[in-house]
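In what follows, a structure is listed as structure tokens, so that the remarks can point back to it.
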Amino acid sequence: MEIDAKLGLDVFKLDKEPHIVVKNEICSTVCVNRACLYVCPADLYELDDQHRIVVNWEGCLECGTCLICCDARALEWTYPRGEFGVQYRMS
Amino acid sequence: MEKVDCIVVGGGLAGLSAAYGLASAGLEVMVLERGDYAGAKNVTGGRLYVSPIRELYPELWAEAPFERAVAREWITMMGDGAHTTFEVAADRFAGETPQSYTVLRARLDQWLAEKAGEKGAMVVPKMKVDELLRREGRVIGIRAGDDEIGADVTVIAEGVLGLLASGAGLRAEPAERDHAVGFKEVIELPPATIEDRWHLNPGEGAAHLFMGAVTKGMLGGGFLYTNKESISLGLVVGMAALKQDPDQGKCFSLLDEFKEMPQIRPLVAGGTVAEYSAHAIAEGGIAQVPRLYGDGYVLAGDTAGLSLNALVTVRGMDFAIASGYHAAQAVLAAKKAGDCSAAGLAGYEQSLRQSFVLKDLETARHIPRIIENPRLFTHYPQAVSRLLESVFTIGPQPSRRLVKTLWRGVRKDFLNVATLKDAWQMRKL
Amino acid sequence: MSVDVIVCVKTNPDLQMIRIKDRQPVLEAIPYKVGDLEKNALEAAMQLRDAAGGGTVTALTVAEGDRKVKETIKEALAMGADEAAIVSDPALVGADPAAVAQALAAAVKKIGTYDLLLFGEGSTDNYTGQVGARVAELLGLPQIGYARKISVTTDGVQCERSMDDMIETLAAPLPAVVTVVSEINEPRIPSLMNIMKAGKKPLQEWTPADLGLDAAALAPQRQIVSNLAEEQDRKHILFEGTAAEQADAFVNALLNEGVLGR
Ligand SMILES: Cc1cc2nc3c(=O)[nH]c(=O)nc-3n(C[C@H](O)[C@H](O)[C@H](O)COP(=O)(O)OP(=O)(O)OC[C@H]3O[C@@H](n4cnc5c(N)ncnc54)[C@H](O)[C@@H]3O)c2cc1C
Ligand code: SF4
Ligand code: SF4
């Protein structure tokens, strides 16, 4: 099953502002492993055509894995405001 | 500043258990939960051990919205080309007072929130706490948006990441060595199919764990819990191992590969995936438990690192509920004595030390470092399966005597320098 | 000047939370909330009150069954409404727009003083869009639908609405009924302090009998016979041959269906 189809089963309430911001100055200078690209269980990180890291925060499961695995501290990561973000109906 | 007796940050099991205890004793309690409802942000594997906590709130459990009482334990060790499954059933697992139940958090947490509400707690969903307010080192309340609310004691039960607590310097930031990521699918299946596949009487449940090839040698394993009308199927992978090894591919695809394995495919066949979720898990054991209380605050549940991964048993929810209970008792004592400083709240740690929470974590002190050993996830599941495979294999050559077959397998896979070293390590289990 | 506004709100299931299972919506344990358009109406009411420098915003709801209305109406109070009133009765389960309008009109009469009655243009779940107009008719009040701007002066209410190719401005004397569209504003999110205060604001609870209505007469006149998610039949066509032949056949089939080449 495609990861997008899986995320499509979940409820996401979208805020206007992202709750994760990537400081690309750090990614491009300090980071060695770019862990965010493979540790995210929702596969939300990718490189854009200028090789900058982008995060598709809209589908975030709020697990915190990217935050914990980014040693270079390139992420400004908070939980979404109340009323927003993923809302699990089972889990 | 508006003030209440007690603010609880986080309407998970730890926070709600604390709120229930506090409100039952008549304190003015406010629970702030960022999800649309309690449980909306929460993920678990699926099994709550009730026996350790039954006596804490004896009136509660009879009506709890549990899924199934776990009557059967299954463990599958997966090697390449062979796997071995154990099925364990014991009368004491289920029976009249079952020791554990499968659960889904959206249901369980909402129910506990209702119970706390009935006792008089004010549970406010859709409300994220942005900051712990501190004055001269003492936690004096919280800020949410532009509003500041004071409290004599703040129960910090914000879950595993502990962003507010670490932001205020009350505990360390979460480190990858001490954490795993768990991700799972809830897959709907008809009850009768579930009961057939795991040999269950109607209404009974199973817990099924998987070790070995599922995590490609990384610390972790697979889990499957049977709910009423669905199963929770997922993986847990240590973050340090996951990060170390970019060649293992993307984390999320491990679950798809897991579902495609020939041992798993028939178990999930015909099911409809209904939800996908992920959450971090604290696995550092007692070594990462921070100071549990201070002036004006206590830490409870995952925020306090109270969880345990012992491979075949994963526990956190029972610790969360128990720590919430003991937090409530400590706060009540502190309020009564009129001293909500660290000294007044010290009873919290004492009672946790006397309870199963810190005792079990202490007993398991060495587990987190022992299970960092990748052979547990590669060599052993493979070796067990290979050994049993050899016992059951009839080839073209004349067969050896059973004892010889076993001995050869054991000598080859279990008696060498590496495994003897492991055995020496594992004596600490 | 001060304006008194009654905002009629419906408690809707949180539609985003509904799952479809076997073509049926799963309504068990679904959370309820103030409807989205009603939030716009509440926001508009509070802005009018605040612009006028005084007045009362009352949130009024008719409870159609067991929808945890008391909790939902607190959301309206937490947003900033001053008072709330609930009309509830088991007979109102599945009530149709006519019955809801009757109950609302009776409650509005009971409240007595008001300058403006605000509604969403429709409810997020059933969207009949009838209730505002029906209440206006029952009370004999002027009605303006689909407002995207409202202002109130001593002379009356002025509203602007978009009619696709033109913008219409309408005026009516007070009291009047206005229904609003979502463009009118961005509803505020309740703050913690306001949530705490909400519990202490006045909340009236009435049964139809309290309003002089016969509950039995409000029982629904129509029934929902079935409510199924749309299902599309698949054609189940298998193309055979080489890859090139299959591709040709596939494109031709799409052309024949009118999917391509329109
Ligand atoms: C995949 C997986 C499998 C597991 N399997 C098991 C198992 O089988 N058995 C078991 O016993 N344990 C298991 N655990 C562990 C168990 O789920 C946790 O230990 C338990 O949920 C901890 O409860 P808690 O109340 O401390 O934290 P949580 O349940 O995480 O609750 C924290 C609450 O705080 C809220 N919150 C956080 N920050 C804020 C804020 N700033 N403002 C307002 N609210 C906030 C959150 O929304 C959440 O509701 C598993 C965990 C995972 C992830
Ligand atoms: S791991 Fe952190 S520093 Fe590295 S690329 Fe990702 S976000 Fe940037
Ligand atoms: S929090 Fe989890 S789901 Fe969200 S972006 Fe980070 S790793 Fe992905």
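Going residue by residue through the range B:179-193, is there one that turns out to be acidic (Asp, Glu) and assigned by TED's automatic domain parsing to the domain that holds B:Ala241?
Within the range B:179-193 (the criterion being acidic (Asp, Glu) and assigned by TED's automatic domain parsing to the domain that holds B:Ala241), the answer is yes, since at least one residue qualifies.
Of all residues in the range A:55-86, count the ones that are outside any strand (DSSP E or B), more than 12 Å from ligand 1 (Cβ to nearest atom), among the acidic types (Asp, Glu) and under 11 Å from the mean Cα position of the chain (by Cα).
Going through the range A:55-86 one residue at a time, the tally reaches 1.
Report yes if A:Lys13 is over 19 Å from B:Lys243 (Cα atoms), within 16 Å of ligand 1 (Cβ to nearest atom) and among the basic types (Lys, Arg), otherwise no.
The answer is yes for A:Lys13.
Taking the range C:1-59 as the search range and keeping residues that are of a type in the set (S, T, N, Q) and away from chain A (no Cβ under 14 Å), which one is farthest from the chain's Cα centre (by Cα)?
C:Ser2
Within the bounds of the range B:46-69, is there any residue that is away from every other protein chain (no Cβ under 14 Å), without any contact (Cβ under 8 Å) to a residue 60 or more places away in the chain and in contact with a Lys or Arg (Cβ under 7 Å, 6 or more places away or on another chain)?
Within the range B:46-69 (the criterion being away from every other protein chain (no Cβ under 14 Å), without any contact (Cβ under 8 Å) to a residue 60 or more places away in the chain and in contact with a Lys or Arg (Cβ under 7 Å, 6 or more places away or on another chain)), the answer is yes, since at least one residue qualifies.
Evaluate the range B:304-324: report whether one residue or more is away from ligand 1 (no atom under 13 Å from the Cβ) and in a helix (DSSP H, G or I).
No: the range B:304-324 contains no residue that is away from ligand 1 (no atom under 13 Å from the Cβ) and in a helix (DSSP H, G or I).
With the requirement that a residue be hydrophobic (A, V, I, L, M, F, W, C), within 14 Å of chain A (Cβ to nearest Cβ) and not in a loop (DSSP other than H, G, I, E, B), what does the range B:180-224 give you?
Within the range B:180-224, B:Ala180, B:Val181, B:Phe183, B:Val186, B:Ile187, B:Phe223 qualify.
In the range B:309-332, which residue that is surrounded by fewer than 24 Cβ atoms within 10 Å (Cβ to Cβ) and of a type in the set (A, V, I, L, M, F, W, C) is modelled with the highest pLDDT?
Among residues in the range B:309-332 that are surrounded by fewer than 24 Cβ atoms within 10 Å (Cβ to Cβ) and of a type in the set (A, V, I, L, M, F, W, C), the one modelled with the highest pLDDT is B:Leu332.
Pull up the range A:25-53, narrow it to residues that are among the β-branched types (Val, Ile, Thr) and either in a helix (DSSP H, G or I) or within 17 Å of A:Gln87 (Cα to Cα) (or both), then point me to the one that is farthest from the other protein chains (Cβ to nearest Cβ).
A:Thr29
Please determine, by comparing only the residues of the range B:30-54 that are closer than 18 Å to B:Ala322 by Cα and part of a strand (DSSP E or B), which one is farthest from ligand 1 (Cβ to nearest atom).
B:Val31
Are there any pairs, at least 6 apart or on different chains, whose C-beta atoms fall under 6 Å, with the first in the range A:54-70 and facing chain B (nearest Cβ under 9 Å) and the second assigned to a loop (DSSP other than H, G, I, E, B), and if so, which?
Going by the 6 Å Cβ cut-off, the qualifying pairs are A:Leu61/A:Ala42; A:Gly64/B:Leu161; A:Ile68/B:Pro174; A:Cys69/A:Ala35.
Is there a residue being touching a Lys or Arg at 6+ places or on another chain (Cβ under 8 Å), surrounded by 12 or more Cβ atoms within 10 Å (Cβ to Cβ) and under 27 Å from B:Asp80 (Cβ atoms) anywhere in the range B:350-363?
The answer is no; no qualifying residue exists.
Residue by residue through the range B:130-165, note down the ones that are out of contact with any helix residue (DSSP H, G or I) (no Cβ under 6 Å at 6 or more places or on another chain), within 12 Å of chain A (Cβ to nearest Cβ), in contact (Cβ under 8 Å) with a residue 12 or more places away in the chain and within 12 Å of B:Val9 (Cα to Cα).
B:Asp130, B:Glu131, B:Leu164, listed by residue number.
I'm checking my understanding of the structure. Among residues of the range B:285-306 that are surrounded by fewer than 22 Cβ atoms within 10 Å (Cβ to Cβ) and under 26 Å from B:Ala241 (Cα atoms), which one is nearest to ligand 3 (Cβ to nearest atom)?
That would be B:Gln288.
The values are calculated or read from the model by the stated rules, or taken from the named source; none is laboratory data. Everything numeric in this text was worked out from a predicted model, so none of it was measured. FYI the Cβ positions are ideal-geometry reconstructions off the backbone, even for glycines, and counts take in every protein chain you see.
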